[in-house]
Amino acid sequence: MRPLFIASLALIAGSVIGSGAAAPSFAQDPPAKEAAVAPKTFAYGDFRIVPVRVHLLRDSDTKAAITSLTEKDIARVFAKANGIWHAAGVHLWVESIVSEKPASVAGHEKDASLPTQALLALRPEDSRPAGMFHVYYIGDMSPNGIFMRRDAIFVKQSARLRPVKGGIDEPLPRVTAHELGHGMGLPHRQDTYNLLASGTTGTSLNDTEIDIVRRNLETKPWVETPEQFLKQAELATGEKRADAARTMYLALRDIPGDSPVKQAAAKRLTAE
C-alpha cells in the first residue's frame, strides 16, 4: 500500500498562517468567539485516516532550509494535531518520517529566512509519492506555515503564534493542523479562536468546516476507514513489512472510541 518506510511512527494553494514575527499587540479585545454548541462526536468506524509523510530537511549549509526537529518531536506534534482533528472524525497517520537533504537552495544559500518562492525547489523528487500529504519542516521562512499543494506543505520549526484563551499550548501542532486543514479544503477564518484563523493558537472547528473536510476526504481514494485500514495493516503483516504494519496498528489504537477493529489492532500490538 505505502511505497517507502524510512523512519516510521505511531483548497487554498499558497495559504499562509502568519509571519514568524513577534506576536502583535492589540488595542482592543479580539472578536467574540462563535456561540458555543455541543461538539459533534464520531463513532470509531466513522473516522477517516489521512496519511501524512513528514520530511525533515537536513545536511545543508543553508540553515534556513534545515530543521533540528527529531522523531520524538514529530510524535508529540502529531499527537497534539490529532487532538484537534479528532473533533472532525479525522486521524492523521504519520506514514513515515524522511530525513533528507534539500534538493536545491540555489540562489538562497545565504538567506537567513527563505522566501516562499524558494520552497518548492527544496523537495527531493523521489520521496514524495502520490497517495498522501507531505509536510516539510524547515528552519526559517517568512510565514509560520504554508500549504501550496498536496505534496508541498511547509512548516517553520520556530513558528510563533498569538496566544488566545483556550488555545493550544505550543505552535507547531497548531500550524501543522492548520495547513493540513487547507489541504482538506478549508479557507482562512476571521474567528480568533478557530483553527483556520491566521496567527493564533485557536483550534476550534465549526460544523460547516467539519462537513467540508469530510466531503473533501471522500473524494480521496487514499483516505480510508478504520476497517479498510486494518485490512492494509494485515496485508503488511502478511508481507512481513513489520514496521509499516506497526504504525498502522498504532494509528488504529489511537483513534477514540471502541470497535472490534481497534481490539484487533491492540491484539496485534500485544503479540509483538
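For region 99-114, the criterion of being under 20 Å from Ser198 (Cβ atoms), more than 17 Å from the chain's Cα centre (by Cα), crowded, with 23+ Cβ neighbours inside 10 Å and modelled with pLDDT of 95 or more is met by at least one residue.
Okay, residues lined up against (1) polar (S, T, N, Q); (2) at pLDDT 95 or above; (3) within 15 Å of Glu224 (Cα to Cα); (4) assigned to a helix (DSSP H, G or I):
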site: Lys40; (1), (2), (3), (4): no, no, no, no
site: Val52; (1), (2), (3), (4): no, yes, yes, no
site: His55; (1), (2), (3), (4): no, yes, no, no
site: Ser68; (1), (2), (3), (4): yes, yes, no, no
site: Lys72; (1), (2), (3), (4): no, yes, no, yes
site: Asn82; (1), (2), (3), (4): yes, yes, no, yes
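Could you say which residue among Glu170, Glu218 is more than 17 Å from the chain's Cα centre (by Cα) and either under 26 Å from Ala65 (Cβ atoms) or at pLDDT 95 or above (or both)? Steps first, answer last, please.
On the way: Glu170 fails: more than 17 Å from the chain's Cα centre (by Cα).
The conditions single out Glu218.
As a summary of the residue check, Lys165 satisfies the conditions (1) among the basic types (Lys, Arg); (2) surrounded by fewer than 17 Cβ atoms within 10 Å (Cβ to Cβ); (3) in a helix (DSSP H, G or I) except for the one numbered (3).
So, in region 180-232, exactly how many residues are touching a Ser or Thr at 6+ places or on another chain (Cβ under 8 Å), of a type outside the set (S, T, N, Q) and part of a loop (DSSP other than H, G, I, E, B)?
Matching residues across region 180-232 total 7.
The values are calculated or read from the model by the stated rules, or taken from the named source; none is laboratory data. In this text, all values refer to a predicted model and were calculated from it rather than measured experimentally. Ideal geometry is used to build each Cβ from the backbone, glycine not excepted, and the neighbour counts take in all protein chains shown.
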